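Below is one structure, written out as structure tokens; the observations come after it.
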Amino acid sequence: MEFCNPGTVSSQVRRLRVLLLSVLFLLALGSIQGIGQQSDEEKRLRELYLKSRQQMEIVPSPTVAPKPTPSPAPSPLKQPYLAGTPEATARKSIQPSPGATVSRPTTEQEDESTPAQHAAPGKNETPSTPAIPKETPSPTPKKKRHWFFFGKSDNDESIVVQKSGADEGKDLVPAPGGGGVLWRYLTLAVRQAIDDARVRRNRWKYIIVHNSGTRQGNARIFDYYHRHVRKMPNGLAYHFVIGNGTSSGNGQIEIGNRWVRQLNGGHVHSDYLNYISIGICLVGDFNRDLPTKAEYEALDELIRYLRRRVGKVDGKYSIVRGHKEINPRPTDCPGNRFPLNWLHKSFPD
């Protein structure tokens, strides 16, 4: 039996250790070289990528043009509407809207509800409830020769039927003219203004006489008071004003906007009466004073001319009354000293 020398064993062990270390060293060296080579290769590839990227050009993608939609062929059953052609005009004239209305002159809604208005603040009254009866539109005639059709703007497609000048003239009262009478207070300019108004037949049934309740004033002053204090859009509540020589001529007749435009008055405590009555205001407080002689004469001329101008209603001339004789609520207008007997005797019903 042989026993190994301890020195020989230790030397062999050292050799094995050296051999193992050498192998490990070589393996480590090879891995390091591989990593270095790999990093160099990646560096080279990265440079090539960056160089090729710089040479690249951005090319925009082509846009596809929309395909034109073909327009449909016109249907033979539906023909285009031409507003200017005679056929279109005839087609429109023979097919009026069922809701067509006939326009008529009237005042603003605010004025229709206004009470009797005097120039003095103490004479004011509150409005009444009765409403003006509305006229029913006349049925559309079968023949459309004398009718014109006007389409409304915006979204309203209804057709408004209005009378032509010939038909509308039948409802107006022609001016009677001077009649060869020598008028003193009804000057030519005043008569011309009265005649120029478009007076409708059977409209003015009453002529109402008022006093202003003030000892001075004129149409301009009363108009300012009614428009800005009483907030009446159409201003002066009366159709005519007769001066007493203070702020206008003694017996001077002034014509208000309501007569020129044939609007409702604002002088009686009734919407209905304001619609059918002409208001004449004499400047003065006839609870304390009497009208001047010129006011009497001017009032007489004006009433006589107006009764002829507006024509007869129900076969009678316009009925002349003092304000307190017809007003639904108590009032002392045209004053306790105003001679109503003279008024009734001069202008009987």
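Go through the stretch 328-342 and give me each residue that's in contact with an Asp or Glu (Cβ under 9 Å, 6 or more places away or on another chain) and under 26 Å from Lys293 (Cα atoms).
Thr331, Gly335, Arg337, Leu340
Report yes if some residue within the stretch 219-240 is closer than 19 Å to His323 by Cα and polar (S, T, N, Q); otherwise report no.
No: zero hits.
Mind checking which helices (runs of 4 or more DSSP H) fall wholly inside the stretch 230-349 and carry at least 3 residues that are charged (D, E, K, R), more than 32 Å from the chain's Cα centre (by Cα) and farther than 13 Å from His210 by Cα?
Working: elements: 257-260, 271-276, 293-310, 323-326, 340-346.
So the answer is 293-310.
Could you tell me which residue of the stretch 216-249 is surrounded by the fewest Cβ atoms within 10 Å (Cβ to Cβ), considering only residues that are of a type in the set (Gly, Ala, Ser) and under 17 Å from Asn264 (Cβ atoms)? Steps first, please.
Start the filter on the stretch 216-249 by keeping residues that are of a type in the set (Gly, Ala, Ser), which leaves 217, 219, 235, 237, 243, 245, 247-249.
Subsequent filtering for residues that are under 17 Å from Asn264 (Cβ atoms) retains 235, 237.
On the way: Gly235: 21, Ala237: 30.
Of everything passing the filter in the stretch 216-249, Gly235 is surrounded by the fewest Cβ atoms within 10 Å (Cβ to Cβ).
Are any of the residues in the stretch 15-23 at pLDDT 60 or above, surrounded by 10 or more Cβ atoms within 10 Å (Cβ to Cβ) and of a type in the set (D, E, K, R)?
yes
Taking Ala294, is it out of contact with any strand residue (DSSP E or B) (no Cβ under 7 Å at 6 or more places or on another chain), aliphatic (A, V, I, L, M), more than 24 Å from Arg329 (Cα to Cα) and touching a residue at least 24 places away in the same chain (Cβ under 8 Å)?
no
Restrict the check to the stretch 33-43 and report whether at least one residue is modelled with pLDDT under 70, exposed (fewer than 10 other Cβ atoms within 10 Å of the Cβ) and either in a helix (DSSP H, G or I) or under 60 Å from the mean Cα position of the chain (by Cα) (or both).
Going residue by residue through the stretch 33-43, those that are modelled with pLDDT under 70 are 33-38.
Remaining after also requiring exposed (fewer than 10 other Cβ atoms within 10 Å of the Cβ): none.
No: zero hits.
One line per residue, one yes/no per condition, for (1) crowded, with 24+ Cβ neighbours inside 10 Å; (2) over 22 Å from Ala197 (Cβ atoms); (3) among the small types (Gly, Ala, Ser); (4) at pLDDT below 95:
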| site | (1), (2), (3), (4) |
| --- | --- |
| Asp289 | no, yes, no, no |
| Lys293 | no, yes, no, no |
| Arg304 | no, no, no, no |
| Gly311 | no, no, yes, yes |
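The values are calculated or read from the model by the stated rules, or taken from the named source; none is laboratory data. What you see is a predicted model, and the numbers here were worked out from it, not measured in a lab. Glycine also receives a Cβ, built like all others from the backbone with ideal geometry; neighbour counts cover every protein chain displayed.
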